[in-house]
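Notes follow the structure.
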Amino acid sequence: MIIRHKSDAEKTAVDEDKFISKRYTLRKDGMGHSVHETYIKPGQQLHMWYKNHKETVICTEGRGQIQDLTEGGTWDLEPGVLYALDKHQKHILSSEEGMTVLCVFSPSLVGPEDHDEEGSYPLYEDDGTIVKH
């Protein structure tokens, strides 16, 4: 059994200008997915495209929007609303006031992932070498 506390996840956090991602589980945990708590900082718009991963997200605090740039549509996010990027959709995630979301990535993230110029995470080997951008 794996037990993690917020303080454990804070040790592996990625803090960018637009968000903070606390990583609770990673590939080394052997779960087949990774779980992250991400805080979108107020007034931010994140242009993303997870071309190497699928992601499921549920809003737990605050409010924001998700805009699907691939298939079209914009949806309001508030606590209890979930979206899933099942077809690697390009999207914009935004929040005027700040928003906390729980994210599940498949395949699992290794840990050092950071968004590239396309808003994507590279695909890593277990040893940290990049397989695919």
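So how many residues does the range 28-54 have that are outside any strand (DSSP E or B), within 15 Å of residue 110 (Cα to Cα) and among the basic types (Lys, Arg)?
Adding up the residues that qualify gives 1.
Here's the yes/no breakdown for (1) under 21 Å from residue 120 (Cβ atoms); (2) buried (at least 16 other Cβ atoms within 10 Å of the Cβ); (3) in contact with a Lys or Arg (Cβ under 7 Å, 6 or more places away or on another chain):
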residue	(1), (2), (3)
59	no, yes, no
69	yes, no, yes
87	yes, no, no
90	yes, yes, no
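Given the conditions (1) in contact with a strand residue (DSSP E or B) (Cβ under 9 Å, 6 or more places away or on another chain); (2) modelled with pLDDT of 95 or more, which single one is not true for residue 111?
All conditions are met except number (2).
If residue 118 passes every condition in (1) in contact with a strand residue (DSSP E or B) (Cβ under 7 Å, 6 or more places away or on another chain); (2) in a loop (DSSP other than H, G, I, E, B); (3) within 23 Å of residue 25 (Cβ to Cβ) but one, which one does it miss?
So the condition that residue 118 fails would be (3).
The values are calculated or read from the model by the stated rules, or taken from the named source; none is laboratory data. Remember, it's a predicted structure, so these values are computed and weren't measured experimentally. Cβ sites come from the backbone with ideal geometry, for glycine too, and all protein chains shown count toward neighbours.
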